[in-house]
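Novice: Before I ask anything, here is the structure I am working with.
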Number of protein chains: 2
Amino acid sequence: MKPTVHDIAKIAGVSLATVDRVLNGRPGVRSVTRGKVEEAITSLGYVRDLAAANLAKSRTYSFVFILPANDNSFMIGLHEEVRGAVARSSAERTDIRIVDVPPFDARALVAALEAVLVEKPAGVAFVAIDTRDVRAVTERLRQAGIPMVTLVSDLPDSSRDHYAGIDNIAAGRTAGSLMGRFLSGPFLGEGGATVAVLAGSMLVRDHRERLEGFSAVIDQAYPKVHILPVLEGRDDPALAETMIADTLRRNADIAGIYSLGAGNRGLIRALHRARGPSRPLVIAHELTASTRAALADGVIDAVLNQDAGHEVRSAIRVLKAKADGLPVLAAQERIRIDIFLKDNLP
Amino acid sequence: MKPTVHDIAKIAGVSLATVDRVLNGRPGVRSVTRGKVEEAITSLGYVRDLAAANLAKSRTYSFVFILPANDNSFMIGLHEEVRGAVARSSAERTDIRIVDVPPFDARALVAALEAVLVEKPAGVAFVAIDTRDVRAVTERLRQAGIPMVTLVSDLPDSSRDHYAGIDNIAAGRTAGSLMGRFLSGPFLGEGGATVAVLAGSMLVRDHRERLEGFSAVIDQAYPKVHILPVLEGRDDPALAETMIADTLRRNADIAGIYSLGAGNRGLIRALHRARGPSRPLVIAHELTASTRAALADGVIDAVLNQDAGHEVRSAIRVLKAKADGLPVLAAQERIRIDIFLKDNLP
DNA sequence: GAAATTCTGAGGTACGTAAATCAAAATTTG
DNA sequence: CAAATTTTGATTTACGTACCTCAGAATTTC
């Protein structure tokens with residue numbers, strides 16, 4: 001039988017009230033007595049029954065999710081996953097509030113985080129933007145004891161407790177490696193190949209890191225591949241379409257395209273329009289309805305994906321654990337880079 | 001506030017005892033009264049507080065995991081993950097027992113499942129072997145109301161409730177696609193390429209399915225690639241080593257190897273020994289210490305992986321849900337095929 | 001219409017923990 | 001050494017559900 005507070009009281013030779021005082025850090029216990037109780041706890045291997053404790057406290061974990069109100073499918077999907085979690089929230093003793101902020105707007109994010117500071121929820125998750133101001137607020141949140149999880153885009157070396165997202169450098173490297181290997185066959189050979197890169201914005205860390213990883217692998221392992229200057233499409237389908245169409249028109253010899261941000265609907269439209277003699281090899285991020293269809297059609301060759309549902313559920317699990325002061329299972333919470341070819345679409 | 005049994009009693013105009021009788025399917029309630037209560041339940045949107053219910057019942061979920069006592073790293077890792085779950089079990093109200101059976105032994109598996117039938121745990125997970133006898137026992141388990149989850153290797157169209165493992169046909173297709181594309185470059189060209197396939201046993205479904213998917217893609221999309229007859233290494237490193245060494249000696253022109261089972265330590269040893277002028281392209285399954293090292297060294301080019309930890313945790317979640325008659329979150333429980341190149345090793 | 005049977009209500013105890021009150025004991029302070 | 005203070009004990013209520021008993025009401029059966 002699992003030991004209970006009653007067992008501790010018996011072993012330590014104190015009353016239930018004293019055990020409770022020790023367990024919950026309440027005042028009014030001499031250090032001698034506290035020592036006896038703690039000894040009994042460790043000797044019995046007592047672990048508090050969280051379900052019973054939460055029941056007694058009639059506790060609900062209140063979390064805030066700050067999400068950019070982006071127009072692209074990935075962010076819309078992320079929103080949906082959080083809404084799904086809200087729907088399940090009553091059964092999980094959580095109470096999740098969604099706060100929308102304008103995309104790529106550090107000041108709006110800071111303002112939202114400051115509001116969190118006032119509200120004092122049990123935890124907050126947000127898509128980070130990497131600026132000094134944002135870092136500064138996170139430090140204030142940490143001091144206020146509010147657990148923080150960054151979602152999708154990280155803020156390394158800051159006060160955040162955890163990052164629920166993929167390793168974007170590794171993602172970029174993987175894209176580079178696939179690009180290099182796939183190109184080595186039918187495309188390369190006569191001297192070299194030109195590759196275009198479409199990003200959302202170099203201001204967000206995840207995009208910077210993907211480019212970094214991609215370039216590193218290409219430069220090092222596939223020196224015959226030449227990367228054009230990055231196109232910044234602000235994750236906007238319409239903008240992406242014109243940029244890609246322009247680039248394809250100007251550089252007839254483009255052998256590959258790496259789309260490391262969102263807004264792939266535009267990219268795909270441009271590709272469909274530009275049906276030339278030989279289509280370029282395309283590697284994109286995020287499996288959405290449109291990229292999935294493009295993969296199946298052979299317009300896109302590979303899609304690297306992060307599962308928004310996993311990220312949201314992981315963020316919630318981690319916030320809960322942090323709120324309870326429990327350790328997190330790192331292996332469980334690592335968000336993986338999914339690689340989809342047309343053959344392993346789920 | 002979430003509605004409770006008290007609210008139901010009040011709304012339905014009955015006593016708490018009657019609500020309890022309805023909720024827990026106890027006898028002694030007229031259908032008119034039952035109707036009133038059920039109406040109140042739906043109108044209030046009542047959902048039973050599982051944590052409180054489990055506390056009241058002082059319930060622990062007892063699960064049995066039947067695992068083959070294989071010598072390869074993957075199965076050893078799987079064992080470890082289950083043991084990890086056992087270690088965490090007290091906090092999760094689970095009580096997991098591990099039963100070891102000899103590998104590739106359908107009769108031993110049947111015997112273990114029959115023992116489960118007697119023990120009547122809250123659920124059972126097992127690595128399936130696809131025979132009539134095994135199917136027959138699962139039907140008896142289903143009739144006994146014991147939730148079943150197949151782990152790693154499935155038993156489709158049987159009485160099992162869920163499969164915690166990857167789609168092996170898709171995995172095989174993915175391997176075929178990578179093999180075809182990677183070979184198209186440096187290896188192919190002058191007419192064709194020869195590929196060897198190393199499996200564990202064609203008696204287990206997962207291996208059959210991987211081969212099926214692999215062959216389908218190669219035959220259809222890469223007709224220049226020729227697949228040698230399958231080698232069956234019984235997931236045994238020593239046997240695999242001699243088989244691969246033999247094959248490499250006999251067929252000097254081998255361009256690729258697809259290792260779809262376990263026992264890769266042997267494969268890797270053979271590859272290291274046989275350092276010829278041009279090394280073959282190698283795609284293997286399961287990321288273990290040895291395949292990871294081989295990937296990093298460039299001896300293996302790609303590894304398809306299933307995360308044993310995820311599979312075990314998913315199996316437990318599903319068994320719990322089935323035991324409680326709750327729905328499972330399909331998206332959460334889908335086990336993904338990880339593709340590792342040397343660039344995205346975790 | 002009485003007896004037998006079936007329903008229903010009221011109430012309690014339990015699960016393991018939290019949190020509170022109040023009295024009693026121990027300790028410290030002056 | 002008495003008074004003030006701190007520490008501890010005993011007890012209670014609560015969280016939401018499960019499960020039990022027993023009495024009384026309603027219904028059915030003869």
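Novice: What quantity of accessible surface, computed with a 1.4 Å probe and excluding non-protein components, is buried in total between chains A and B, in Å² to the nearest 100? Write out the running numbers ahead of the final one.
Specialist: Values: alone 16730 and 16730 Å², together 30040 Å².
Adding both sides of the contact gives about 3400 Å².
Novice: Which distances, shortest first and in nm, link A:Asp71 to the matching position in the other copies, using label points set 7 Å out along Cα to C-beta?
Specialist: Nearest to farthest, the other copies are at 6.2 nm.
Novice: Count charges around A:Tyr61 for me, please; just the other residues with Cβ under 12 Å from its Cβ, Lys/Arg as +1, Asp/Glu as -1. Spell out each step's value before the answer.
Specialist: Details: positive: A:Lys57, A:Arg59, A:Arg93, A:Arg97, A:Arg317, A:Lys320, A:Lys322; negative: A:Glu92, A:Asp95, A:Asp324.
Overall, the nearby charge balance is +4.
Novice: Work out Dmax and Rg for segment A:1-154 from the C-alpha atoms and quote the Rg first, both in angstrom.
Specialist: Rg and Dmax of segment A:1-154, Cα atoms, are 20.9, 63 Å.
Novice: Set the Förster radius R0 to 35 Å, insert the Cβ-Cβ distance between A:Ala274 and B:Asp133 as r into 1/(1 + (r/R0)^6), and round the FRET efficiency to 0.05.
Specialist: Numbers: r = 58 Å, r/R0 = 1.67.
My answer for the efficiency is 0.05.
Novice: For A:Ala106, what charge total do you get from the other residues with a beta carbon under 11 Å from its beta carbon, if Lys and Arg give +1 and Asp and Glu give -1?
Specialist: On the way: positive: A:Arg107, A:Arg132, A:Arg135; negative: A:Asp105, A:Asp130, A:Asp133.
Local charge sum for A:Ala106: 0.
Novice: Still on this structure, I have one more. In Å and whole numbers, how far do the C-alpha atoms of segment B:56-122 stretch along each principal axis, longest first?
Specialist: 43, 28, 8
Novice: Compute the acute angle (0 to 90°) between the alpha-carbon long axis of helix B:237-250 and the principal axis of greatest extent of the alpha-carbon atoms of chain B; round to the nearest 10°.
Specialist: On a 0 to 90 degree scale, this one is about 30.
Novice: More than 22 angstrom separation, counting every C-alpha pair in segment A:168-305; what % is that? All intermediate terms of the calculation are to be shown ahead of the outcome.
Specialist: Details: 2646 of 9453 pairs.
Considering segment A:168-305, 28 percent of its Cα-Cα pairs are separated by more than 22 Å.
Novice: Below 19 Å, Cα to Cα, which lysines can A:Lys322 reach? Residues fewer than 8 away in the same chain don't count.
Specialist: Output for A:Lys322: A:Lys57, A:Lys120.
Novice: Let me check I've understood the local charge: for B:Phe182, count other residues with C-beta under 10 angstrom from its C-beta, Lys and Arg +1, Asp and Glu -1. What total comes out? Write down the numbers at each step before the final one.
Specialist: Details: positive: A:Arg181, B:Arg181; negative: B:Asp301.
Taking every Cβ under 10 Å from that of B:Phe182, the sum is +1.
Novice: So, R0 is 41 Å and r is the distance between the beta-carbons of A:Glu92 and B:Leu345; what FRET efficiency does that work out to, to 0.05? If you can, show how the numbers build up before the last one.
Specialist: Details: r = 33 Å, r/R0 = 0.81.
Efficiency at R0 = 41 Å is approximately 0.75.
Novice: Between the helical axis of B:106-119 and the dominant principal axis of chain B, each derived from Cα atoms, what acute angle in degrees is found, rounded to the nearest 10?
Specialist: 20
Novice: Strictly greater than 13 Å: what percent of every Cα pair in segment A:265-324 meets that? Before the final figure, lay out the partial values.
Specialist: Values: 1179 of 1770 pairs.
Roughly 67 percent, rounded to a whole number.
Novice: So, with a 1.4 angstrom probe, what is the percent of accessible area on the protein assembly as shown that is carbon and sulfur? It would help to have the intermediate numbers written out before the result.
Specialist: Details: 15840 of 30040 Å².
That share works out to 53 percent.
Novice: Over chain A, with a Gaussian network built from C-alpha contacts below 10 Å, which listed residue (A:Arg334, A:Arg26, A:Arg292) shows the highest mean-square fluctuation?
Specialist: So, out of A:Arg334, A:Arg26, A:Arg292, the one fluctuating most is A:Arg26.
Novice: Right, next: Run the label-point distances for A:Asp157 please: 7 Å along Cα to Cβ, every other copy, nanometres, shortest first.
Specialist: Nearest first, the other copies' label points are 6.0 nm away.
Novice: Here's another thing I want to ask about it. Using a label position 7 Å from Cα in the Cα→Cβ direction, what is the ascending list of nm distances from B:Phe104 to the same site in the other copies?
Specialist: 5.8
Novice: Give me the 1.4 Å probe accessible area per residue for segment B:5-48, excluding ligands and nucleic acids, in Å². List each step's numbers first, then the result.
Specialist: On the way: 2790 Å² over 44 residues.
Ligands and nucleic acids excluded, the result is 63 Å² per residue.
Novice: Regarding segment B:5-48, what whole-number volume in Å³ per residue does the convex hull of its Cα atoms give? Numbers along the way, then the final one.
Specialist: On the way: hull volume 2.5 nm³, N = 44.
Measuring per residue, one finds 58 Å³ for the Cα hull of segment B:5-48.
Novice: Run the reach check for A:Lys10 against lysines, Cα to Cα strictly under 20 Å, same-chain hits fewer than 8 apart removed. What comes back?
Specialist: A:Lys2, A:Lys36
Novice: A further question on this structure: Hey, can you grab everything whose amide H is under 5 Å from the amide H of B:Gly233? Only 5+ residues off in sequence or another chain; H modelled, so Pro and N-termini drop out.
Specialist: B:Ala199, B:Gly200
Novice: Between the helical axis of B:308-323 and the dominant principal axis of chain B, each derived from Cα atoms, what acute angle in degrees is found, rounded to the nearest 10?
Specialist: The angle comes out near 30 degrees.
Novice: What translational D, rounded to a whole number of µm²/s, comes out for chain B from Stokes-Einstein when the hydrodynamic radius is the Kirkwood one over Cα pairs, at 25 °C and 0.890 mPa s?
Specialist: Working: Rh = 22.6 Å.
In µm²/s, the coefficient is 108.
Novice: Over what distance in Å are the Cα centres of segment B:196-247 and segment A:224-291 separated?
Specialist: When both Cα centres are located, 37 Å separates them.
Novice: Which value in deg cm²/dmol, rounded to the nearest 500, describes the helix-derived mean residue ellipticity at 222 nm for chain A, given -39,500 (n - 2.57) per DSSP H run of n ≥ 4 and division by the residue count?
Specialist: Details: 14 runs with 166 residues, N = 346.
It comes out at -15000 deg cm²/dmol, rounded to the nearest 500.
Novice: Report Rg (one decimal) and Dmax (nearest whole number) for the protein assembly as shown, counting Cα atoms only, units Å.
Specialist: My reading of the Cα-based Rg and Dmax gives 28.3, 86 Å.
The values are calculated or read from the model by the stated rules, or taken from the named source; none is laboratory data. These numbers come from a predicted model, not from an experiment. Every residue, glycine among them, receives a Cβ derived from its backbone with ideal geometry; neighbour counts consider all protein chains shown. Quick note on the areas: whole protein, heavy atoms, side chains included, nothing else; ligands and nucleic acids left out. Shrake-Rupley method; radii C 1.70, N 1.55, O 1.52, S 1.80 Å.
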